[in-house]
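The values are calculated or read from the model by the stated rules, or taken from the named source; none is laboratory data. Here the structure is a predicted model, which means the values were calculated and not measured. Quick reminder, even Gly has a Cβ in these numbers, built from the backbone with ideal geometry, and neighbours come from all protein chains shown.
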Amino acid sequence: MSGAARYLVWVDTMMQRLQSEQLESIQRAGVAEKDDFAEELLIVLSNPGVNAAPVEMTKLAKEAGLRVFAICSLEHSEAAELKPGSPTARLYELADLTLDNLGESGDAAVEVRGTV
């Protein structure tokens with residue numbers, strides 16, 4: 001691949017919840033023809049790899065013909081329960097290539113003295 005990045009989309013799942021109509025708007029606005037994205041790559045970062053926004057963005061990208069490179073914790077992703085109403089797949093299962101960040105399962109991996 002050559003050239004500069006054409007798009008940068010920041011999806012912060014803690015601050016912004018994308019509703020289905022917003023995802024559809026992104027799809028309509030950003031996806032004209034599959035050929036337009038034949039050489040494009042989407043990089044998706046999500047530690048657990050099961051949250052709706054990164055997984056749905058990955059699905060949309062794949063449908064549009066983009067290749068997806070995921071960075072996530074395989075340990076955390078495999079340990080996370082897929083809940084009803086949440087995505088039916090894990091990020092690493094959808095991506096073309098996944099880099100395991102070797103993160104531990106859970107919300108934090110830092111011990112703080114004086115805490116339980």
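At-a-glance table
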{"quantity": "Matching entry among 31, 11, 44 (being modelled with pLDDT under 55 and touching a strand residue (DSSP E or B) at 6+ places or on another chain (Cβ under 9 Å))", "calculated": "11"}
{"quantity": "Residue selected from the range 64-116 under the condition at pLDDT 80 or above and of a type in the set (S, T, N, Q), by the criterion farthest from the chain's Cα centre (by Cα)", "calculated": "105"}
{"quantity": "Matching residues, the range 48-86, being under 14 Å from residue 105 (Cβ atoms), in contact (Cβ under 8 Å) with a residue 40 or more places away in the chain and of a type in the set (Gly, Ala, Ser)", "calculated": "49"}
